[in-house]
1. With volume of the Cα convex hull per residue in Å³ defined as stated, name the option among (1) 157; (2) 147; (3) 128 computed from the structure displayed.
2. When all protein chains stay in place, what accessible area (Å², nearest 10, 1.4 Å probe) is found for Tyr26?
3. For Asn28, put the label point 7 Å out on the Cα→Cβ axis and report which residues of segment 93-130 keep their amide N under 15 Å from it.
4. Please compute the net charge surrounding Arg297, taking Lys and Arg as +1 and Asp and Glu as -1 over other residues with Cβ under 10 Å from its Cβ.
5. Please give the calculated 222 nm ellipticity per residue for the chain, where each DSSP H segment of at least 4 residues contributes -39500 (n - 2.57) and the sum is spread over every residue; nearest 500 deg cm²/dmol?
6. In whole percent, and with a 1.4 Å probe on the protein chains, what portion of the accessible area of segment 150-280 is carbon and sulfur?
7. Within segment 121-215, what is the number of lysine pairs with alpha carbons under 22 Å apart, leaving out pairs fewer than eight places apart on the same chain?
8. What is the local net charge at Tyr133, summed over the other residues whose Cβ is closer than 13 Å to its Cβ (Lys, Arg +1; Asp, Glu -1)?
Amino acid sequence: MGLSSSKSSLTNAEYSVTLSSPNDFYRNLSSIQGEFHLNVRSKLRIEKEIRVDLIGQLIESKKYLSRPTRTSSQMNSNNNNNIFLTYSCPLITSHENGTARTIKQQQVNYPFRIPLGSNLPPSCEFKEFSIIYYLEIFHDGRLLPNTHRQITIAPQIPPLTVPLPCKVTGSGDVTMICSLPKSFYSGRDCPVAPISVSITNPKQKQIKAVTAQLMQTVSLNGIKRENEIFTAVLNEIAENTKENEVNTKCELVLPANLSASYIPNENGSPDNLPNVAITYEFRITAQMKGATTPNLRLSVPIGIE
């Protein structure tokens, strides 16, 4: 997609930008590729350069900022907004000897490529904070109008594996074993997460219901918060059952707008990057008369496409 052409108040030219990704979506370790289209109708003077900047910004709410953080002193702060990344890619520069470059009555395209590292925190939006990325184009240090363009950066897709089953035993020797068939899900690509549930109930205790809660854990610079995404009753398991054994498969629909799972690199990240972690897990509980089993926790890495 391209920006609509604009008549610049700073240059006597029309310009637009196109990007290689149709939905402005990129993953870590990929590259943002595009072209800057310039149509000079008369004359354009470039004293220093025309450049495109990739900017990463952490936007914190005042409520979140009210708590001290270990690394807050290491990050530049301006009205609660922290610019943690600026990557500049020159498009057109002055001559090598430093004299201004003049372009006359010319239409030309300037390709650009911005490589993305492996440890950039993903684009995300929460009540406490947001991380956004955007492109802007500057002419001799001044922002060109109508060139601010937000993009989405997501983690790489992890290798798929088959997770090991999880087991928990509650009162009355009720044992529950649950498992997921794969280790990664996308709310957009595959909105259904199938869960295998096996319950052993040797004393035939009355199991009123089995519930699954999807929890999101978000941390920023060491401060963690849990958010409940949903709680659902597993209707595939009959209410008030007293059966000795229950073996079934249940399906849970994932919301399409979840932020991607992200765990920082174990080797650490540069000090200027916000330390962000986003994880998900199902907490499955069998509710019995007068008691419940402990939460059975299944990690659920979730991505976006």
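1. Recomputing volume of the Cα convex hull per residue in Å³ here picks out (1).
2. Taking all protein chains as shown, Tyr26 has close to 10 Å².
3. Backbone N within reach: 116-124.
4. Values: positive: Arg283; negative: Glu281.
Result for the local shell: 0.
5. Result for the chain: 0 deg cm²/dmol, rounded to the nearest 500.
6. Numbers: 3280 of 6860 Å².
The computed percentage sits at 48.
7. Final tally of qualifying lysine pairs is 4.
8. Combined, the nearby Lys, Arg, Asp and Glu give -2.
The values are calculated or read from the model by the stated rules, or taken from the named source; none is laboratory data. Note that the structure is predicted; figures quoted are calculated from it, not measured. Cβ sites come from the backbone with ideal geometry, for glycine too, and all protein chains shown count toward neighbours. Keep in mind that these areas ignore ligands, DNA and RNA; they rest on the heavy atoms of the full protein, side chains included. Shrake-Rupley method; radii C 1.70, N 1.55, O 1.52, S 1.80 Å.
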